[in-house]
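Student: Below is a structure I'd like to ask you about.
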Amino acid sequence: MEIGQRVKILRLRDRVSAAIAKRLGQTGIIQGYKMTDGGGFGFVVLFDDNFSTWFFDDEIKAV
């Protein structure tokens, strides 16, 4: 997946806040990358309401 690509939130691996949980099923645009503790990386996703957060690669799907 690349920056600028539109993605859909498919699932959430961990417990998250209500603000993030309500994003399940929504679409947004990849704005950047985030390094995770395990040496992997995630994707920072920006939604239409200007809220952004990051997700693991298996939590999102290109649309």
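No value in this document is a laboratory result; all are computed from the given coordinates. Treat the numbers as computed from the prediction; the structure is a model and nothing was measured. Note that each Cβ is placed from the backbone with ideal geometry, even for glycine, and that neighbours are counted across all protein chains shown.
Student: Quick one: net charge around Val63, please, counting Lys, Arg +1 and Asp, Glu -1 for every other residue with C-beta under 11 Å from its C-beta.
Tutor: +3
Student: What number comes out for the charge environment of Asp48, summing +1 per Lys or Arg and -1 per Asp or Glu over other residues with Cβ under 14 Å away?
Tutor: +3
Student: Related question: Under the Karplus relation 6.51 cos²θ - 1.76 cosθ + 1.60, θ = phi - 60°, what is the ordered set of whole-Hz ³J(HN,Hα) values for the stretch 43-48, x standing for Gly and Pro?
Tutor: 10, 7, 10, 9, 9, 4
Student: Report ³J(HN,Hα) in whole Hz for each residue of the stretch 2-19, in order, from the Karplus equation J = 6.51 cos²θ - 1.76 cosθ + 1.60 where θ = phi - 60°; Gly and Pro get x.
Tutor: Per residue, the Karplus-derived 3J(HN,Hα) values read 10, 4, x, 7, 7, 9, 10, 7, 8, 7, 10, 5, 10, 5, 9, 5, 4, 4 Hz.
Student: What does the charge add up to near Leu24, with Lys and Arg as +1, Asp and Glu as -1, over the other residues with Cβ less than 10 Å from its Cβ?
Tutor: Around Leu24, the charge tally is +3.
Student: Taking 1 over the mean of 1/r across every pair of different Cα atoms in the chain, what Kirkwood radius in Å do you get?
Tutor: Roughly 11.6 Å, rounded to one decimal.
Student: Taking the dipole about the Cα centre of the chain, with the C-beta of Lys and Arg at +1 and of Asp and Glu at -1, give me whichever of Leu24, Gln5, Trp54 is farthest to the positive side.
Tutor: Going by the charge dipole, the pick is Leu24.
Student: Non-local amide H neighbours of Phe51 (under 5 Å, H modeled in plane, Pro and chain starts lacking H): which ones?
Tutor: none
Student: List, in order, the whole-Hz ³J(HN,Hα) value for each residue of the stretch 30-39 obtained from phi through the Karplus relation with A = 6.51, B = -1.76, C = 1.60 and θ = phi - 60°; use x for Gly and Pro.
Tutor: Calculated HN-Hα couplings, in order: 5, 9, x, 10, 9, 6, 9, 4, x, x Hz.
Student: Sticking with this one: Cut-off is 10 Å between beta-carbons; in what order do Val7, Val45 appear when sorted fewest neighbours first?
Tutor: Val7, Val45
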